[in-house]
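The structure appears below as structure tokens.
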Amino acid sequence: MFLQLQEVRKSFVAPEGTVSEILDVPSFSIDKSEHVALIGSSGSGKTTLLHVIAGIVRADSGRVLICTTGTDVIDLTTLSEAQCDRFRGQSIGYVFQTHHLLPGFSALDNVLLGMSFTGRKPDKAWAQHLLGEVGLTSRMHHVPAKLSVGQQQRVAVARALANRPRLVLADEPTGSLDQTNANQVLGLMCRLCKEADSALLIVTHDRAIANSLARVVDLADINRAGGG
């Protein structure tokens, strides 16, 4: 397996001291280059699971195993925060629902900045190629405010692929888009991930979007916790 979760648990403590168990996942895995949709009710822990896989949030217990090269495997739960940040920058692309583009930078600069966290020299030609692939060749020098919501999400997709990551995680990437733009963004993500030979895990509430991927996983089927 390329990605494997083993006995991953995560709880959060409310301000009043109440403990809510969000995740209790005994096993979950994704093969190399596999495209998977993760569905589930609102508040069930889908975003938390993505954050645990990305190393943004640390699991309380369990293992998050990612195959790096060949037979080498890294357990993200054993890495320091700085090591997690470095690994995520090098190996994981993340598409947020609300874009998180820097408003003062052009589309091209936003993608190039996504490359800067790896310590390697930004590849301008690859950034331009990605923006061309998402249909923004003529808009790559525009700042986000000059782009439509759909165009901003395309920039976010290009940025997530900037470092040719082995794994792309997307949290409701089409949630704020109309159906036409949603289908376009999903198609672009799948095509670019295939081009980069990246595994893809998409959180979505849209069953039509989910069913267009090769595999659909309902979080309720793998999570023993009730979510929250």
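Hey, can you tell me all the residues within the stretch 153-211 that are among the hydroxyl-bearing types (Ser, Thr, Tyr), touching a residue at least 60 places away in the same chain (Cβ under 8 Å) and in contact with a Leu (Cβ under 9 Å, 6 or more places away or on another chain)? Show your work before the answer.
Initially, the stretch 153-211 is screened for residues among the hydroxyl-bearing types (Ser, Thr, Tyr), giving 174, 176, 180, 198, 204.
Cutting the leftovers down to touching a residue at least 60 places away in the same chain (Cβ under 8 Å) gives us 176, 198, 204.
Result: Ser198, Thr204.
Any idea how many residues of the stretch 57-72 are at pLDDT below 90 and not in a loop (DSSP other than H, G, I, E, B)?
1
Just to be sure I understand, how many residues within the stretch 60-96 are out of contact with any strand residue (DSSP E or B) (no Cβ under 8 Å at 6 or more places or on another chain) and among the β-branched types (Val, Ile, Thr)?
Let us first name the residues in the stretch 60-96 that are out of contact with any strand residue (DSSP E or B) (no Cβ under 8 Å at 6 or more places or on another chain), namely 69-72, 78-86, 89-90.
From what is left, the residues that are among the β-branched types (Val, Ile, Thr) are 69, 71, 78.
Matching residues across the stretch 60-96 total 3.
May I ask you to list the residues in the stretch 137-146 that are over 21 Å from the mean Cα position of the chain (by Cα) and either surrounded by 17 or more Cβ atoms within 10 Å (Cβ to Cβ) or of a type in the set (Asp, Glu) (or both)?
Our first condition is that a residue be over 21 Å from the mean Cα position of the chain (by Cα); within the stretch 137-146, this holds for 137-143, 145-146.
Those that are over 21 Å from the mean Cα position of the chain (by Cα) and either surrounded by 17 or more Cβ atoms within 10 Å (Cβ to Cβ) or of a type in the set (Asp, Glu) (or both): Arg139, Met140.
Within the stretch 206-224, restricting attention to residues that are outside any helix (DSSP H, G or I) and in contact with a Gly (Cβ under 7 Å, 6 or more places away or on another chain), which residue is surrounded by the fewest Cβ atoms within 10 Å (Cβ to Cβ)? Explain how you work it out, then say what you get.
We begin by selecting, within the stretch 206-224, every residue outside any helix (DSSP H, G or I); these are 206, 212-218, 223-224.
When the remaining residues are screened for being in contact with a Gly (Cβ under 7 Å, 6 or more places away or on another chain), the result is 218, 223.
Details: Asp218: 14, Asn223: 23.
So, considering only residues that are outside any helix (DSSP H, G or I) and in contact with a Gly (Cβ under 7 Å, 6 or more places away or on another chain), the one surrounded by the fewest Cβ atoms within 10 Å (Cβ to Cβ) is Asp218.
Would you point out the residue of the stretch 23-40, among those that are of a type in the set (Ser, Thr, Tyr) and at pLDDT 90 or above, that is surrounded by the fewest Cβ atoms within 10 Å (Cβ to Cβ)? Walk me through it before giving the result.
Of all residues in the stretch 23-40, those of a type in the set (Ser, Thr, Tyr) come to 27, 29, 33.
The next check asks that each one be at pLDDT 90 or above; those that pass are 27, 29.
Working: Ser27: 12, Ser29: 14.
Within the stretch 23-40, the match that is surrounded by the fewest Cβ atoms within 10 Å (Cβ to Cβ) is Ser27.
Quick check on the stretch 100-109. Is at least one of its residues within 22 Å of His51 (Cβ to Cβ) and crowded, with 17+ Cβ neighbours inside 10 Å?
Applying the first criterion (within 22 Å of His51 (Cβ to Cβ)) to the stretch 100-109 yields 100-102.
From the residues that got through so far, the ones that are crowded, with 17+ Cβ neighbours inside 10 Å too are 101.
Checking the stretch 100-109: at least one residue is within 22 Å of His51 (Cβ to Cβ) and crowded, with 17+ Cβ neighbours inside 10 Å.
Mind checking which residues of the stretch 159-197 are touching a Lys or Arg at 6+ places or on another chain (Cβ under 7 Å) and either closer than 20 Å to Thr98 by Cβ or crowded, with 22+ Cβ neighbours inside 10 Å (or both)? Steps first, please.
The initial filter retains those residues of the stretch 159-197 that are touching a Lys or Arg at 6+ places or on another chain (Cβ under 7 Å), namely 185, 188, 196.
Answer for the stretch 159-197, where residues must be touching a Lys or Arg at 6+ places or on another chain (Cβ under 7 Å) and either closer than 20 Å to Thr98 by Cβ or crowded, with 22+ Cβ neighbours inside 10 Å (or both): Val185, Leu188.
Among the residues in the stretch 41-48, are any β-branched (Val, Ile, Thr), within 23 Å of Arg207 (Cβ to Cβ) and crowded, with 17+ Cβ neighbours inside 10 Å?
Residues of the stretch 41-48 β-branched (Val, Ile, Thr): 47-48.
Next, from what is left, pick out any that are within 23 Å of Arg207 (Cβ to Cβ): 47-48.
Cutting the leftovers down to crowded, with 17+ Cβ neighbours inside 10 Å gives us 47-48.
Yes, there is a match, as at least one residue in the stretch 41-48 is β-branched (Val, Ile, Thr), within 23 Å of Arg207 (Cβ to Cβ) and crowded, with 17+ Cβ neighbours inside 10 Å.
For Phe105, state whether it is part of a strand (DSSP E or B), of a type outside the set (Asp, Glu) and in contact (Cβ under 8 Å) with a residue 12 or more places away in the chain. Break it down into steps so the answer makes sense when it comes.
Values: part of a strand (DSSP E or B): no; of a type outside the set (Asp, Glu): yes; in contact (Cβ under 8 Å) with a residue 12 or more places away in the chain: yes.
It is false that Phe105 is part of a strand (DSSP E or B), of a type outside the set (Asp, Glu) and in contact (Cβ under 8 Å) with a residue 12 or more places away in the chain.
If you take the residues in the stretch 75-98 that are aliphatic (A, V, I, L, M) and part of a helix (DSSP H, G or I), which one is surrounded by the fewest Cβ atoms within 10 Å (Cβ to Cβ)?
The first filter runs over the stretch 75-98 and keeps only residues aliphatic (A, V, I, L, M), leaving 76, 79, 82, 92, 95.
Filter again for part of a helix (DSSP H, G or I), leaving 76, 82.
Numbers: Leu76: 21, Ala82: 8.
Per the criteria, the residue is Ala82.
What about Ala127, is it assigned to a helix (DSSP H, G or I), within 13 Å of the chain's Cα centre (by Cα) and buried (at least 20 other Cβ atoms within 10 Å of the Cβ)? Steps first, answer last, please.
Numbers: assigned to a helix (DSSP H, G or I): yes; within 13 Å of the chain's Cα centre (by Cα): no; buried (at least 20 other Cβ atoms within 10 Å of the Cβ): yes.
Taking the combined requirement at face value, the residue does not satisfy it.
The values are calculated or read from the model by the stated rules, or taken from the named source; none is laboratory data. Source: prediction; values computed, not measured. Cβ atoms come from the backbone with ideal geometry, glycine included; neighbour counts cover every protein chain shown.
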